[in-house]
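Worksheet: one structure, shown below.
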Amino acid sequence: MKTSTLAVAAIAGACLTVALAHIDDPKAQDRVPAWEGPAYRADLATNSREALSAVGDFEFQDMTLMSWLPLSSIGGGSTGNDCWGYVSSSGREYAIIGTSSHTVYVEVTNPGNAQVVDLISGPNSLWRDIKTYGNYAYAVSEGGSGIQVMSLANIDLGFVQLVNTVDDTGTSATHNVVIDTDSGFLYRTGGGDNGLRIYSLADPTTPTYVGSWPARYVHDAQVVTYDSGPWAGKQIAFCCGGFNGGWDESGLCILDVTNKSNIIQLACVQHTNPNYSHQGWLSEDRQYFYLNDELDEQNTGSLTTTRILDVSDLENPFQAGTFTSGSTSIDHNLYVKGDMIFEANYTSGIRVFDASNPVAPVQVAYFDTWPGSDGVSFNGLWSTYPYYPSGTIIGSDLERGLFVWSMEQAEFEIELLAGEFDFLDPNGGDEVLVRIEAINGGELDTGSLKLMYDSPSNSGSVDLAAAGGTNEYAAAFPALACSETVSWYLTASSVGGQTRTIPSNAPSATFEDLVASGIDISFNDNCETDTGWSVTGTAVDGQWNRGVPAGGGVRGDPPNDADGSGQCWLTDNVEGNSDVDDGTTILTSSVLDASDENAVLGYTRWYSNNFGADPGNDVFLVEISDDGGESWTNLETVGPTGEGTTGGWHDVSFVVADIPGVTPSNQFRLRFTAEDANAGSVIEAGVDAIIISAISCDVEPACPEDVAGSDGVVNVNDLLAIIANWSQSDPDYDIDGSGTVDVGDLLAIIAAWGDC
């Protein structure tokens, strides 16, 4: 167990203009400016002193902070609000966090290196809520706009697409969104004095209104389909709210919502000392419902109190008890996973309870995101999400943004101090420095501390040895073959058998570095200036042009450029999304230099042909010439279906010398062709970040090694041993590190003989 406590400076208050979620909602009164500071990622050595100092302010127990992305680091909004999670078909994990102006998507597959993927703008409001169903996310807001529908099909490619906005019933404002993933129905809760507004997700891109329950205001809810017992097959809604915007007769109502035209109220119950029934969640066996009252602490001065309602008989629920963290903060949102309850408690952060005894949960861990105070104010942690298969936990904070945690009780801490490289020296010697400190009674197994590396021609490990600083260890890379990419990670174990790595989910994820002395760039075009491209073709509309994307990501066009510089090449860059029509549009480069024998061509492309009445029937062509355009060779044909045809920016690279029929040349040209050859199809394309580069390798001649009998002496016998074994592939004879035993090894020995 470890607790870290440092003082924190008081944050000056400043009121923000926000839309109220319901009459006299108190959240607006406690607004203060967002915390300003850099992001923290546990796996990286680039964390600034400011970030490390800020992390040191947090109090915690049995939780490890893996990443912290303040609001300024996630690209949208002055306040944070709700969060949810998503796991793609590839198994990659994503955090979804709402801000006052956006829905932000952050990859947390490697929790120690959380990275923003994309963000979708929405109405400005303090309140935004998101849930997922299949490959779609649905966001609502008190600021209006109904339901925003976002496709997550290409999130692994770094692209989320707003595919629809449904605003068809009642006020456009919504307080929360609830989805029963078993039955496929979405529920809008609140918004004005609304109860439930219900939508079918039979077509997940177009939620269809099917009914409502207006009898009471519903602030939040959980809807589940029972698969056993007397209610098997029934869809049951557990609704937190009351009359008059939730203020009167505040409590829990249980509804049978199976028949959307005939919703049946099974029971309504008030908990003790009801002030404002806010949110709750069922135990996994559905015997208990844990309910947060958002205002009882503020109005009565009580400790943080969460109610336990027995709902084993849906028609006769009753309060079976309460539990507390012992703090004075306001309990807000909680979720149940197994026997654990994960509760966001504003100024006391996340509190984790063991509910093995469901009527007497016990706090077992916490991480306080609001240092210095557990007051009854609406600041700090808004919500949490604990359902990732990896065990990662996230939390969304009003002022401090996104937190990513691990809850394993660590026996030691491991932190990368140095080890981020532009390139790895092919001669070896680049050093990784790490701090490893035993905590919570753990003891390091010093023999387990290793740098693991793997490349196409070489793999192995290097022991981490004690370095100069306290608890510091270092290891240096060996000589490696130039131009290869090396994957590497650090691993350490305790005597008790706990293993931790950097990156935190290695070896599934690793650091990757190019072995090179440097990169020589002959052409680098971020599309911010005119570098001599020409546009031709027969299309009557949709010709290539260069600019900042204006179409907004509708019907397959790019919503942004690829490299973040602002501009890119794209087809028919206009608002309203006018695509390529009736012919071809061809983008051709000027003459470029790709004469280096190690030249690499790279670019980022976008292509979509999956909209319209005739999708998936056109192709996108990429061609190259090594003779100034006299002849052309096909490099890529994208489509008509498959990967790369549904939008998203795709990074592509080719070693020029490896392209069949092409020779490195200073008469190199490149062209991209988007064609609309089929009536009814919608064709959109983009190109950005075009670069021609070459790896430089300054390899020092290797001294001859003691390969002749390992007699401890390097002499002519070693040279003779190499010659005698010339046809062997034993890496001991690969003197120059090329990956093969050849004449280069002999020349390397001869060149270095006098120096050794």
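Readers should treat all values here as calculations from the given coordinates under stated rules, not as data from a laboratory. What you see is a predicted model, and the numbers here were worked out from it, not measured in a lab. Glycine gets a Cβ as well: all are built from the backbone with ideal geometry, and neighbour counts include every protein chain shown.
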Worksheet item: With contacts defined as alpha carbon pairs under 8 Å and 6 or more residues apart, what's the relative contact order of the stretch 302-439 in percent?
Response: 15
Item to complete: Determine by what factor the alpha-carbon radius of gyration of the stretch 412-516 differs from 2.2 N^0.38 Å, reporting the quotient.
Response: 1.06
Item to complete: Distance between Cα centroids, the stretch 409-431 to the stretch 593-649: provide it in whole Å.
Response: 37
Worksheet, complete the sentence: Whole-Hz Karplus couplings 3J(HN,Hα) for the stretch 91-99, θ = phi - 60° and coefficients 6.51, -1.76, 1.60, Gly and Pro as x, run x, 6, 10, 9, 9, 10, 10, x, 10
Worksheet item: Along the positive direction of the dipole of the stretch 412-516 (beta-carbon charges: Lys, Arg +1; Asp, Glu -1; about the Cα centre), which of LEU416, SER487, SER461 reaches farthest?
Response: SER461
Practice prompt. May I ask you to evaluate 6.51 cos²θ - 1.76 cosθ + 1.60, the Karplus curve with θ = phi - 60°, for each residue of the stretch 492-500 and list the ³J(HN,Hα) values in order in whole Hz, giving x for glycine and proline?
Written response: 8, 9, 8, 4, x, x, 6, 10, 10
Worksheet item: Can you list the GluC sites (Glu not before Pro) in the stretch 284-340 that are in a DSSP coil and have 16 or fewer other beta carbons within 10 angstrom?
Response: GLU284, GLU315
Response to the item:
For the stretch 277-364, averaging the sequence separation of alpha carbon pairs under 8 Å that lie six or more residues apart and dividing by its residue count, the contact order in percent is 24
Practice prompt. Scan around SER327 for amide H atoms under 5 Å from its own, H built in the peptide plane at 1.01 Å from N, and keep only partners 5 or more places away or cross-chain.
Written response: THR304
Discussion item. Principal axis extents for the chain, Cα atoms only, whole Å, descending order, please.
Written reply: 93, 72, 52
Worksheet item: Short version: what are the Cα gyration tensor semi-axes of the stretch 248-363, square root of 5 times each eigenvalue, largest first, in whole Å?
Response: 24, 17, 12
Fill in: Reach of LYS337 by Cα under 16 Å, taken over aspartates and glutamates that are not fewer than 8 positions away in the same chain
GLU284, ASP285, ASP354, GLU408
Worksheet item: Is the shape of the stretch 35-145 rounded, prolate or oblate, going by the alpha carbon gyration tensor and its root eigenvalues a ≥ b ≥ c, with a/c under 1.5 for rounded and a/b larger than b/c for prolate?
Response: oblate
Practice prompt. For GLU59, list long-range residues whose amide hydrogen, built 1.01 Å from N in the peptide plane, is under 5 Å from its own amide hydrogen.
Written response: ASP368
Discussion item. Need one number for the stretch 595-635: average projected area of the convex hull over its C-alpha atoms, nm².
Written reply: 4.3
Discussion item. Apply the Karplus curve 6.51 cos²θ - 1.76 cosθ + 1.60, θ = phi - 60°, to the phi angles in the stretch 303-310 and return the couplings in whole Hz, x for Gly and Pro.
Written reply: 5, 3, 10, 10, 7, 10, 9, 7
Practice prompt. Show the residues, 5+ positions off or on another chain, whose built amide H is closer than 5 Å to the amide H of ILE350.
Written response: ASN345, PHE367, THR369
